[in-house]
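Notes follow once the structure below has been shown.
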């Protein structure tokens with residue numbers, strides 16, 4: 001197990017979150033603010049930043065790959081979740 005200093009951990013989290021925010025800006029051309037919609041909390045870009053930060057932390061310790069993991073982290077999870085639903089639909 002790799003151990004990081006607190007400063008390195010914070011930098012990796014920020015790099016991952018930055019990558020996710022950049023992805024939201026590029027993909028949607030805007031940042032969606034958190035809101036309550038039909039009684040449910042929609043996290044907007046904050047949700048992507050949280051996923052990106054965690055992806056940046058677990059990747060390999062490099063700030064560059066942490067940012068790239070943040071950029072792709074949300075997309076990978078969405079495709080895995082969506083892929084599972086498509087497989088079930090194809091089996092019917």
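Where a number appears in this text, it was derived from the coordinates with a stated rule and is not lab data. Owing to the predicted nature of the structure, the values given are computational and were not obtained by experimental measurement.
Could you work out how far helix 6-28 tilts from the main Cα principal axis of the chain, as a 0 to 90 degree angle to the nearest 10? Compared with the principal axis, the helix lies near 40 degrees. From Cα pairs below 8 angstrom and at least 6 apart in sequence, can you work out the relative contact order of segment 1-76, rounded to a whole percent? The normalised contact order for segment 1-76 reaches 41 percent.
Estimated purely from DSSP H runs of n ≥ 4, each contributing -39500 (n - 2.57), the mean residue ellipticity at 222 nm for the chain is -25000 deg cm²/dmol once divided by its residues. [x] 39, 37, 22; [y] 48, 32, 24; [z] 62, 22, 12: which one is Cα extents along the principal axes in Å as calculated from this entry? Entry [y]. The angle between the Cα long axis of helix 63-91 and the main principal axis of the chain comes to about 20°, on a 0 to 90 degree scale. Length gained on full extension, residue 4 to residue 75: 22.9 nm, using 0.36 nm per residue less the C-alpha separation.
The long axis of helix 45-58 is offset from the longest Cα principal axis of the chain by roughly 50 degrees.
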